[in-house]
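What follows is a set of notes on a single structure, which appears directly below.
The values are calculated or read from the model by the stated rules, or taken from the named source; none is laboratory data. Quantities reported herein were computed from a predicted structural model and do not represent experimental measurements. Heads up, the Cβs are rebuilt from the backbone with ideal geometry, glycines too, and the neighbour counts pull from every protein chain shown. What goes into the accessible areas is simple: the full protein's heavy atoms, side chains included, and nothing from ligands, DNA or RNA. Shrake-Rupley method; radii C 1.70, N 1.55, O 1.52, S 1.80 Å.
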There are 2 protein chains.
Amino acid sequence: MSNDRQGASGVAGEEAIIQGFLAPLAAGFAGAFGLKDDCALLSPEPGTELVLKTDPVAEGVHFLPDDAPADVAWKALAVNISDLAAKGAAPIAYLMALSFPAPPSSDWLAAFAQGLEQAQKQFGCHLMGGDTDRRPGPITVSITAVGSVPRGGMVRRNTARPGDSVFVSGTLGDAALGLLLRRNARLGESWGLAPADAEHLRRRYLRPSPRLGLGAALRGHSAAAMDISDGLAKDLSRMCSASVCGAQVGLAELPLSPAAGKALAADPRLIMAIAAGGDDYEVLACVPADKASDFVAAALLSGVRMTRIGILSEGSDVIFEGAGGVPVSFPSSGWDHF
Amino acid sequence: MSNDRQGASGVAGEEAIIQGFLAPLAAGFAGAFGLKDDCALLSPEPGTELVLKTDPVAEGVHFLPDDAPADVAWKALAVNISDLAAKGAAPIAYLMALSFPAPPSSDWLAAFAQGLEQAQKQFGCHLMGGDTDRRPGPITVSITAVGSVPRGGMVRRNTARPGDSVFVSGTLGDAALGLLLRRNARLGESWGLAPADAEHLRRRYLRPSPRLGLGAALRGHSAAAMDISDGLAKDLSRMCSASVCGAQVGLAELPLSPAAGKALAADPRLIMAIAAGGDDYEVLACVPADKASDFVAAALLSGVRMTRIGILSEGSDVIFEGAGGVPVSFPSSGWDHF
């Protein structure tokens, strides 16, 4: 693998990397100056505020060494854009710092840039600046994304209230199951999955789709929202902690893709991966009861299905109920680096 | 050394790192939400534009393993703020992604946060968001800094013209000599330096001071500017390449600190380190002849001495003249990671 991206075919010089592979990604953004200045310039629209996020990804930690460079690029941008989406923000542009332990090959860079181009086209943003260096350790892609909201429009995490309905977008657990399949392809058979099912789960892990369509619905109707990146169990606990409330969620209510539904039917223990695994990049939104139906309708209009999975409560207990209302606990819920 | 920052005394959990050590750095910036939301919010002042920069630093590449954590923190922020300063921008806030190969100790984190606090107080900005993770490889501090300029006020790199005077701020070469001293303390004696001289050079390497006072002078009088981070020789070549011109610089004109002057007198070969070494974080500014005296006066008013070191020319040759006008070449000029 390492020969694919370093050694004799390595690209020589930061300038060659920047101008040969990265500058085309900045072509549509005037304030990037073709990546030929030291800084980027961003002119905010009057009446807007900026929403900013940085979330780096590193090989071996956030992506696997045999992931295709185009998938790595997509995911590196998507994980940041997903945060903006959950805040009701529209992406504008991003900065990217790349670090390599050895000069990358032209092939690797070309595929990586192609993945970024697909992603930024899908998400509606451009590269506006960055840095490239060489250092020991894993390949690292550090993106800082900037989006905009109408002034006062950013959807917060700590503004949910007891009584709010808890919604999630799309389906949960696909990426966590996709990662299990990446590590052991035979699981697909034991789960009774057709090849297309397995491919769906793998793709959901590799190419998350930030829910950008939800912006207006979130800003207009939700009390609080965040993206689900470290697993529903952990992220809902964070939301409740920030908003000083508890929650009651029915595990049977979690929206599943047909593939995840088949897998769960074959092995009920997978509910742990589905509810506490990471990399969903769906939106968790808390919505006052009187706005819930308008919220669901507005989301549907933008093409996103929201599913009500529970309700916020007084106190601080975040309770997941299994079959027959029995509480299920997630002893080590979600990903923590330390 | 590694025992100082990991192992039994390691801080447990991302939340403990963020809330215990980093949140106080964000206390002065409302849009940081105490580092308890997923994104930061920035409300640009009407009539301003934003200038953005990301430049990560890694242990063993950009700083030394035995550098004090407070110095590492200062430099990680300063290298980004220096870019903003050279563009005429005033810092507002920054995002920071930290990565550690092992849990850092409380002592390391406390000292690191103290260095950042000193730096952000000096530079007039606050932490507004970020990320903390664990991965193999060196400790890495990835900062993205955001500043503001009056609309249309950002000073570019590609707008210099033949005939412009070439100025640099402060003194050159101190940091490069300081790094040589860090690697071999005996050099100080052979250069005839007093202990205070050597300390001055070391400190210039460890604690660069972005020239933030220059903003108004640069915006009002300069044609183009950039900061000098990879050595004057390389950065002047970049400026000339972007502006499609050449330059003629007198090595005898380079402004030196008393310490650097003594070292150069003792070993004339050090002119290479002074003119082509890195980490100056001074400002390189090109100024039309009719604005030069106003520029120098405006800079002085803000406490920064600008020195004219040469002139931009037609063509593309960047010529450094030594004694008697003899051209001196810098075969491998400046730092390149690849």
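Which one is nearest to the chain's Cα centre (by Cα) among residues in the stretch A:77-109 that are part of a loop (DSSP other than H, G, I, E, B) and of a type in the set (A, V, I, L, M)?
A:89
Just to be sure, is residue B:235 within 22 Å of residue B:163 (Cα to Cα), of a type in the set (D, E, K, R) and open to solvent by less than 60 Å² (accessible area, probe 1.4 Å)?
For residue B:235, the condition - within 22 Å of residue B:163 (Cα to Cα), of a type in the set (D, E, K, R) and open to solvent by less than 60 Å² (accessible area, probe 1.4 Å) - is met.
Take the residues in the stretch B:41-52 that are assigned to a strand (DSSP E or B) and in contact with a Lys or Arg (Cβ under 9 Å, 6 or more places away or on another chain); name whichever of them is nearest to residue B:124 (Cα to Cα).
Within the stretch B:41-52, the match that is nearest to residue B:124 (Cα to Cα) is B:51.
Tell me, yes or no, whether the stretch B:307-327 has at least one residue that is in contact with a strand residue (DSSP E or B) (Cβ under 6 Å, 6 or more places away or on another chain), without any contact (Cβ under 8 Å) to a residue 40 or more places away in the chain and either open to solvent by 40 Å² or more (accessible area, probe 1.4 Å) or not in a strand (DSSP E or B) (or both).
Checked the stretch B:307-327: at least one residue is in contact with a strand residue (DSSP E or B) (Cβ under 6 Å, 6 or more places away or on another chain), without any contact (Cβ under 8 Å) to a residue 40 or more places away in the chain and either open to solvent by 40 Å² or more (accessible area, probe 1.4 Å) or not in a strand (DSSP E or B) (or both).
Name the residue, out of A:136, A:103, that is facing chain B (nearest Cβ under 8 Å) and surrounded by fewer than 21 Cβ atoms within 10 Å (Cβ to Cβ).
A:136
Assess whether residue A:213 counts as being closer than 30 Å to residue B:40 by Cβ, within 17 Å of the chain's Cα centre (by Cα) and at pLDDT below 95.
Here the answer is no, as residue A:213 does not meet what is asked.
Whether any residue in the stretch A:253-273 is surrounded by fewer than 21 Cβ atoms within 10 Å (Cβ to Cβ), within 14 Å of chain B (Cβ to nearest Cβ) and within 19 Å of the chain's Cα centre (by Cα) is what I want to check.
No, there is no match, as no residue in the stretch A:253-273 is surrounded by fewer than 21 Cβ atoms within 10 Å (Cβ to Cβ), within 14 Å of chain B (Cβ to nearest Cβ) and within 19 Å of the chain's Cα centre (by Cα).
Only one of A:188, A:152, A:130 is open to solvent by 10 Å² or more (accessible area, probe 1.4 Å), of a type in the set (Gly, Ala, Ser) and touching a Leu at 6+ places or on another chain (Cβ under 6 Å). Can you tell me which?
One residue alone meets the criteria, A:130.
Can you confirm whether the stretch B:53-69 contains a residue that is assigned to a helix (DSSP H, G or I) and open to solvent by 10 Å² or more (accessible area, probe 1.4 Å)?
Taking every residue of the stretch B:53-69 in turn, at least one turns out to be assigned to a helix (DSSP H, G or I) and open to solvent by 10 Å² or more (accessible area, probe 1.4 Å).
If I filter the stretch B:161-180 for residues that are within 12 Å of chain A (Cβ to nearest Cβ) and closer than 30 Å to residue B:47 by Cα, do I get at least one hit?
No; the residues of the stretch B:161-180 include none that is within 12 Å of chain A (Cβ to nearest Cβ) and closer than 30 Å to residue B:47 by Cα.
Residue check: is residue A:123 under 14 Å from the mean Cα position of the chain (by Cα), open to solvent by less than 30 Å² (accessible area, probe 1.4 Å) and without any contact (Cβ under 8 Å) to a residue 24 or more places away in the chain?
no
Go through the residues of the stretch B:61-73 one by one and say whether even a single one is facing chain A (nearest Cβ under 7 Å) and under 16 Å from the mean Cα position of the chain (by Cα).
Within the stretch B:61-73, one or more residues are facing chain A (nearest Cβ under 7 Å) and under 16 Å from the mean Cα position of the chain (by Cα).
Inspect the stretch B:159-167 for any residue being of a type outside the set (Phe, Trp, Tyr) and either within 25 Å of residue B:59 (Cβ to Cβ) or at pLDDT below 95 (or both) and give the result as yes or no. Before you say what the answer is, go through the steps one by one.
Step one: of the stretch B:159-167, the residues of a type outside the set (Phe, Trp, Tyr) are B:159-166.
Filter once more, keeping what is either within 25 Å of residue B:59 (Cβ to Cβ) or at pLDDT below 95 (or both): none.
Taking every residue of the stretch B:159-167 in turn, none turns out to be of a type outside the set (Phe, Trp, Tyr) and either within 25 Å of residue B:59 (Cβ to Cβ) or at pLDDT below 95 (or both).
So residue B:38 ticks every box in (1) in a loop (DSSP other than H, G, I, E, B); (2) more than 7 Å from chain A (Cβ to nearest Cβ); (3) touching a helix residue (DSSP H, G or I) at 6+ places or on another chain (Cβ under 7 Å) but one. Which box is left unticked?
Answer for residue B:38: the failing condition is (2).
Please return the ranges of helices (runs of 4 or more DSSP H) entirely within the stretch B:231-285 where 1 or more residues are under 18 Å from residue B:197 (Cβ atoms), modelled with pLDDT of 95 or more and among the charged types (D, E, K, R).
Answer list for the stretch B:231-285: B:258-266.
Show the residue pairs that are 6+ apart or on different chains and have beta-carbon atoms under 6 Å apart, the first residue being within the stretch B:231-242 and on the phi > 0 side of the Ramachandran plot, the second being open to solvent by less than 30 Å² (accessible area, probe 1.4 Å) and small (Gly, Ala, Ser).
Between residues of the stretch B:231-242 that are on the phi > 0 side of the Ramachandran plot and residues that are open to solvent by less than 30 Å² (accessible area, probe 1.4 Å) and small (Gly, Ala, Ser), the close pairs are B:231/B:276; B:231/B:277; B:231/B:278; B:231/B:334.
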